[in-house]
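Shown below is the structure under consideration.
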Amino acid sequence: MINRRATTTAIAALGVAGLASGCLSAGNENANSDGSAASGAGKSTISVMYGLGPDTEPGFKADLSKFAEAEGITIEFIKAASWDTEIRTKVQGGNPPDVGLFPQPGLMCDLAKQGELIPYDAATVATNKETLVPGVIEAGTCADGEVYGLPSALSVKSVLWTDAPAFAAAGYTAPTTLDELLTLTDTIKADGTTPWCIAAESGAATGWPITDWIEDLVLRFAGAENYDKWVTGELKNDSPEIRPAWEYFEKIAFGDGYVRGGTKSIVATNFQTGGNAMFEQPPGCYLFKQATFVANKGGFPDTVIADLDTKTGPLPFPAKTVGDNAVLIGGDIAAAFNNDANTLKVRNFIASKENGTEQQKAGGFSPHTTADVSLLPNKTLQTIASEVLYKATAARFDGSDLMPAKVGAGTFWTEPVKWLSGQQDLDATLKNIDDSYPTS
C-alpha cells in the first residue's frame, strides 16, 4: 500500500479514452440485470488482480486462499506493479481478470460506464451496508446509481502523527478543532522549533500527498455532501464552499517558519520518510500528517515501528467544530469483470465482514465496524480503528481517487506542486484544476 501511489503517473488519464476504441472484454454479455450470477457451477479458477503493497498483500492472499480452499476454488493471484496501466492493457486486450481490486474508484467507474463491470446485487449491498463505515458504499457507487465496488481493507488518512514523548515533554496537547491546530502551530514556533514536517515527493506522482490535506480540509469546511459535489466537479475549487480549505492549508504551508525546510522543500521531501525528523533529538518538527500506512516498514524508522505504542502519539485530524467526526479513507475496492458464479462469490467474500482476519493482523483496517480491533498488531492502530474510523459519522474515500483521472491523478497533483514551488499563486492553481475537468 505504501508504494502504490508512487507507481501511478500524473498522466494516467490518457489511457482511459482508449478503452472505448480498444478490444472490450466479452465477459459481461450474459450478466443478469440485477448483478446476480449467471446459472452454472462456476469456473474452477478465478483470477484476482491487485496492486497491494508488501504490508497488506500477504494477509489478503492468506484470507482469500483459506476461503477459496473451503469453496473448492483455485485463486490465480496477479500482482500489478502499476495498477492503472496494467488493468487498462488487459481490458483493451480483452483479457481482464475475473476480479480486480481498484485503488481508484474513478477508474473503476470509467470501466463500468464502458460496460466492463458487473454491479453488486441489491441484497449483497444491503447486507454490507449494515456493518460498513458510513459513506464507504458511496465510494463504489457510479453515476448510474449502481454499486460496482466494495472495499477489502482501508487506510485511515485523517491522522496527525507526533513523537509522543517529545510532544508530552514540551507540554503540548491534542488540538480538537482547526483553530486550535493553528494555535498549536504558533505555540511550537514561538518555542523555537519548526511545527510541521510536510512531504509530497513521490517520483512521477509527486504532489498527491497534498491532495490528502485538501480533501481532509474540504470535508471539514464544506461538509460531506459538498465534498461529494466537489469530487464530481459540481462545486469548483474556487467556490466559497471549497476555497477555505485551500486557504487554511496555505496558512500552514506558506507560514513563516512553519514547515521544516521551508515551503519549497515540501515537493522535494519524500512522502514516506518525510516525518522522520520528528524522532530526532531535538525534534526537527512536532507534527506530520500522513495515512496509517506510514507506520509500516519503509515509512517511520524501524526502531519506531518496533515500539510504535511508545514512540508515537497519533492524533485525529481536528474537526472544524467539536463533535464533527468526518474521516478521510483510502483503500482497495473489489469489482467483478464477469458474472460467473464463482467470480461473484470471490468478489463478495472480499467485500464481506468475514474477510480480513490476516490483513488486520498486518495492520489493515477492516471497513466493517463489527471487526475485532484486537487483531490489529498494536494499541496505536487499535485506537485509530476504534476512536477514529469506527466512530466516523461521515467517511469519504480519497477524493483524487474518485475524481476523473485527468484531474485526480493529473492537475490535482501537478498544479499544487507549481504553487508550492513558487511558480504560480493560489488563484492560478485553483483555476487550472477547475478548467481541467472533463466537460462530458
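The values are calculated or read from the model by the stated rules, or taken from the named source; none is laboratory data. Everything numeric here is computed off the predicted structure, so don't read it as measured data. FYI the Cβ positions are ideal-geometry reconstructions off the backbone, even for glycines, and counts take in every protein chain you see. Calculation scope for accessible area: heavy atoms of the full protein, side chains included, ligands and nucleic acids excluded. Shrake-Rupley method; radii C 1.70, N 1.55, O 1.52, S 1.80 Å.
Between the stretch 42-82 and the stretch 229-260, what is the separation of their alpha carbon centroids in Å?
39
Let me ask something else about it. Please list, in chain and number order, the residues 5+ apart from S352 or on another chain whose amide H is under 5 Å from its amide H, with Hs placed from the backbone.
It is none; the list stays empty.
Here is a follow-up. Using unit Cβ charges (K, R positive; D, E negative) and no other charged atoms, how large, in debye to the nearest 20, is the dipole of the stretch 36-142 about its Cα centre?
160
Let me ask another. What residues qualify as long-range amide H neighbours of T312, i.e. H under 5 Å apart, gap of 5 or more or another chain, H built at 1.01 Å from N?
A164
Turning to a different aspect of this structure: Just going by the charge dipole of the stretch 383-440, with Lys and Arg at +1 and Asp and Glu at -1 on Cβ, which of A392, T429, G410 is farthest out on the positive end?
The one lying farthest along the dipole's positive direction is A392.
Quick one: length gained pulling Q281 to K66 fully straight, 0.36 nm per residue minus the C-alpha distance? All intermediate terms of the calculation are to be shown ahead of the outcome.
Details: separation 215, 0.36 × 215 = 77.40 nm, distance 4.60 nm.
Fully extending the segment from Q281 to K66 adds 72.8 nm.
Also, quick follow-up: Which FRET efficiency value, to the nearest 0.05, do you get for T127 and D324 by plugging their Cβ-Cβ distance into 1/(1 + (r/R0)^6) with R0 = 35 Å?
Details: r = 29 Å, r/R0 = 0.82.
Plugging the Cβ-Cβ distance into 1/(1 + (r/R0)^6) gives 0.75.
Please give the contour-minus-distance gain from K297 to T439: 0.36 nm per residue of separation, less the Cα-Cα distance, rounded to one decimal in nm.
Result for the pair: 47.0 nm of gain on full extension.
Summing -39500 (n - 2.57) over the DSSP H runs of n ≥ 4 in the chain and dividing by its residue number, what mean residue ellipticity at 222 nm do you reach, to the nearest 500 deg cm²/dmol? If you can, show how the numbers build up before the last one.
Values: 19 runs with 156 residues, N = 440.
Helix-only estimate at 222 nm: -9500 deg cm²/dmol.
Probe 1.4 Å, all protein chains in place: accessible area of T45 in Å², nearest 10?
Estimated to the nearest 10 Å², T45 gives 60 Å².
I need the calculated FRET efficiency for the pair K431 and D191, taking r as the beta carbon distance and R₀ as 41 Å, to the nearest 0.05. Don't skip to the answer; put the middle values down first.
Numbers: r = 38 Å, r/R0 = 0.93.
Plugging the Cβ-Cβ distance into 1/(1 + (r/R0)^6) gives 0.60.
About the Cα centre, and with charges only on the beta carbon of Lys, Arg (+1) and Asp, Glu (-1), how big is the dipole of the stretch 110-151? Nearest 20 debye, please.
Dipole size: approximately 80 debye.
Could you tell me how many cubic angstrom of Cα convex hull volume the chain has per residue?
Details: hull volume 54.7 nm³, N = 440.
Spelled out: Cα convex hull of the chain, divided by residues, is 124 Å³.
When only C-alpha pairs under 8 Å and at least 6 residues apart count, what is the relative contact order of the chain, in percent?
It rounds to 29 percent for the chain.
Lysines near K345 by alpha-carbon distance under 21 Å, same-chain residues fewer than 8 away left out - which ones?
K43, K61, K66, K79, K129, K353
Something else about it: Just to verify a number: FRET efficiency for D307 and A169, C-beta to C-beta distance, R0 = 22 Å, to 0.05?
0.85
Of all DSSP beta bridges in the chain, what percent run antiparallel (nearest 5)? List each step's numbers first, then the result.
Numbers: 19 of 38 bridges.
Around 50 percent antiparallel, to the nearest 5.
Given a cut-off of under 8 Å on Cα pairs at least six residues apart, what relative contact order in percent is computed for the stretch 253-356?
So the answer I get is 13 percent.
Oh, and also: Placing unit charges on C-beta atoms (Lys and Arg positive, Asp and Glu negative, everything else neutral), compute the dipole magnitude of the chain about its Cα centre in debye, rounded to 20.
It works out to roughly 520 debye.
Amide H of L150: which non-local residues (sequence gap of 5 or more, or other chain) have their own amide H closer than 5 Å, using H built in the peptide plane?
Residues meeting the criterion, in which the H sits 1.01 Å from N, are A334.
I've got another one for you. Per residue of the stretch 57-62, what does 6.51 cos²θ - 1.76 cosθ + 1.60 with θ = phi - 60° give for ³J(HN,Hα)? Whole Hz please, x for Gly and Pro, Karplus curve as stated.
Rounded to whole hertz, the list is 4, x, x, 4, 5, 5.
Do any of K157/K311; K379/K406; K189/K264 go past 29 Å between their Cα atoms, and which?
Numbers: K157/K311 19 Å; K379/K406 39 Å; K189/K264 18 Å.
Long pairs (Cα-Cα over 29 Å): K379/K406.
Further question: Report ³J(HN,Hα) in whole Hz for each residue of the stretch 408-419, in order, from the Karplus equation J = 6.51 cos²θ - 1.76 cosθ + 1.60 where θ = phi - 60°; Gly and Pro get x.
Result, ordered by residue: x, 10, x, 5, 5, 8, 7, 5, x, 4, 4, 5 Hz.
Oh, and also: Could you check the simple spin-label distance between Q423 and A143, using points 7 Å along Cα→Cβ, in nm with one decimal?
3.0
Between the stretch 371-420 and the stretch 138-205, what is the separation of their alpha carbon centroids in Å?
Distance between centres, Cα-based: 9 Å.
Follow-up question, since we're still on this one. From the C-alpha coordinates alone, can you work out the Kirkwood hydrodynamic radius of the stretch 256-334, in Å?
14.5
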